[in-house]
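Readers should treat all values here as calculations from the given coordinates under stated rules, not as data from a laboratory. Just so we're clear, the structure is a prediction, and the values are computed from it rather than from any experiment. Here the Cβ positions follow ideal geometry from the backbone for every residue, glycine too, while neighbour counts run over all protein chains shown.
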């Protein structure tokens with residue numbers, strides 16, 4: 001099994017990796033298939049199913065599909081160009097993806113929200129179609145957005161292509177137990193083993209530049225969030241809070257007037273800054289998803305700003321360790337809220353952040369594994385119940401609390417010697433089983449929990 005650090009940390013746009021980035025990526029893949037086909041399409045259609053239908057408007061899935069079919073991609077997304085393109089598409093009922101010419105696509109007619117049962121492969125399904133001059137379908141593909149911006153076709157999901165093992169890596173661990181065994185036998189850290197695997201694919205220069213870029217985007221997202229106020233889009237009228245919180249914390253800093261627990265407010269502040277940017281549709285990094293994008297960067301920023309001896313030169317060690325843990329969770333369970341609830345998103349993010357922090361604080365591989373397990377264990381059962389389908393309530397604050405749990409988990413692990421009762425592998429399996437048993441109402445459909453218990457105003 002090989003999931004790259006660039007699979008776990010993708011640069012994209014908010015508000016959702018599974019509902020915004022994934023559908024946009026799926027649309028791009030469909031356009032590529034059309035370009036390689038012998039067909040000459042005259043129009044396009046799309047159908048959203050399961051969670052993509054129920055919370056699609058709140059998660060901007062409709063916008064993502066429209067823009068994806070017009071040729072936009074998450075990694076190169078430009079907000080001004082996107083707004084101009086959307087206005088033109090709404091006005092003309094046509095898209096012009098590069099290499100395919102002018103195609104009929106009227107969102108009001110050709111983009112369908114199917115509120116019936118989900119497609120069989122995954123809760124996040126979409127069907128993309130190309131039509132001829134008579135409106136008959138000449139090419140169709142089913143895609144599943146399986147969390148964290150990962151997309152597979154129906155055929156790929158059926159034959160296991162999404163999790164196919166890759167040969168030729170020096171440390172091909174598929175479980176935490178194997179990871180720890182390889183660490184003991186090699187004398188290497190988790191980050192060092194992960195780096196060796198990554199170099200086989202990317203080479204050292206590309207790897208270092210890519211990781212530096214990931215942190216640059218994460219840190220810039222924090223800074224934008226700390227500098228921006230106002231009301232978030234979507235109709236809930238949720239006010240941004242990170243900027244005011246940051247200003248208050250800075251004003252108090254160094255005055256010796258605050259209690260030690262105020263450090264939790266700093267962690268929440270950093271995380272909320274990211275998720276407010278995400279909710280506004282800004283540029284974020286999946287970590288491992290958009291809904292949980294604030295936890296990992298908040299813990300890194302906490303470490304850099306508040307922990308003596310921290311240095312940006314070791315951020316790569318943090319991210320490589322976090323990616324190794326995230327890859328284990330995705331491979332053996334899920335990082336998708338629509339599949340396993342928020343335990344799979346913020347829970348996974350907290351486990352990744354706890355592992356990364358433990359590593360850069362001098363933890364052994366056993367302590368790192370323990371930190372990840374503690375953080376994930378105490379998110380088990382967490383539902384995904386976004387109010388109005390927006391990635392705002394409870395998602396923004398939930399990232400702040402996920403960061404606090406991650407730091408606490410790392411600290412507890414560092415106080416021990418790495419021995420503990422519940423192995424990380426067993427905790428990951430418990431999360432998978434809990435997700436299977438969880439009612440669909442609590443898995444990113446906005447049909448239960450907080451989503452249906454809102455003020456009547």
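Ellipsoid fit via the Cα gyration tensor, segment 331-388: semi-axes of 25, 10, 9 Å, each the root of five times an eigenvalue, largest first.
At q = 0.11, 0.17 Å⁻¹, what is the base-10 log of I(q)/I(0) for segment 1-136 according to the Debye formula with one equal point scatterer per Cα and no solvent? Please give it to two decimals. After summing over all Cα pairs, the log10 values are -0.38, -0.92. Where does helix 204-227 land angle-wise versus the long Cα axis of the chain, in degrees 0 to 90, nearest 10? Between the helix axis and the principal axis of the chain, the angle is about 90 degrees.
For the chain, what is the relative contact order in percent, using Cα pairs closer than 8 Å and at least 6 residues apart in sequence?
Values: 922 pairs, mean separation 83.9, N = 457.
Relative contact order comes out at 18 percent.
Value of Rg to Rh for segment 152-294, rounded to two decimals, is 1.10; Kirkwood radius and Rg both from alpha-carbon coordinates.
Relative protection proxy for 335-343, 362-370, from highest mean packing down: 335-343, 362-370 (other beta-carbon atoms within 10 angstrom). As a ratio to 2.2 N^0.38 Å, the alpha-carbon radius of gyration computed for segment 275-409 takes the value 0.97.
What order do you get for 300-309, 126-135, 373-382 when each peptide is scored by the mean count of other beta carbon atoms within 10 Å, highest first? Let's see the in-between values first.
Numbers: 300-309: 16.4, 126-135: 17.9, 373-382: 23.3.
Peptide ranking by packing, descending: 373-382, 126-135, 300-309.
For 272, 182, what ranking results if the residue with the fewest other Cβ atoms within 10 Å of its Cβ goes first?
Least to most surrounded, the residues fall as 182, 272.
Mean projected area of the convex hull spanned by the Cα atoms of the chain, taken over all viewing directions: 22.4 nm². Against the chain, whose longest principal axis is taken from its Cα atoms, helix 190-202 shows a tilt of about 30°. Where only DSSP H runs of four or more residues are counted, the chain gives -15500 deg cm²/dmol as its mean residue ellipticity at 222 nm, each run worth -39500 (n - 2.57).
On the basis of the beta-carbon distance and an R0 of 25 Å, residue 78 and residue 388 show a calculated FRET efficiency of 0.40.
Note on segment 336-457: Cα Rg divided by 2.2 N^0.38 Å, N the number of residues, gives 1.12. In degrees between 0 and 90, to the nearest 10, how far off the longest principal axis of the chain does helix 346-360 point, with axes built from Cα atoms? Between helix and principal axis, roughly 40 degrees. Taking other C-beta atoms within 10 angstrom as a stand-in for reagent exposure, 243, 200, 10 fall in the order 200, 243, 10, fewest first.
Here the residues 385, 114, 78, ranked from fewest to most Cβ neighbours within 10 Å of their Cβ, fall in the order 78, 114, 385. Restricting the calculation to Cα atoms, segment 62-164 yields a radius of gyration followed by a Dmax of 14.9, 44 Å.
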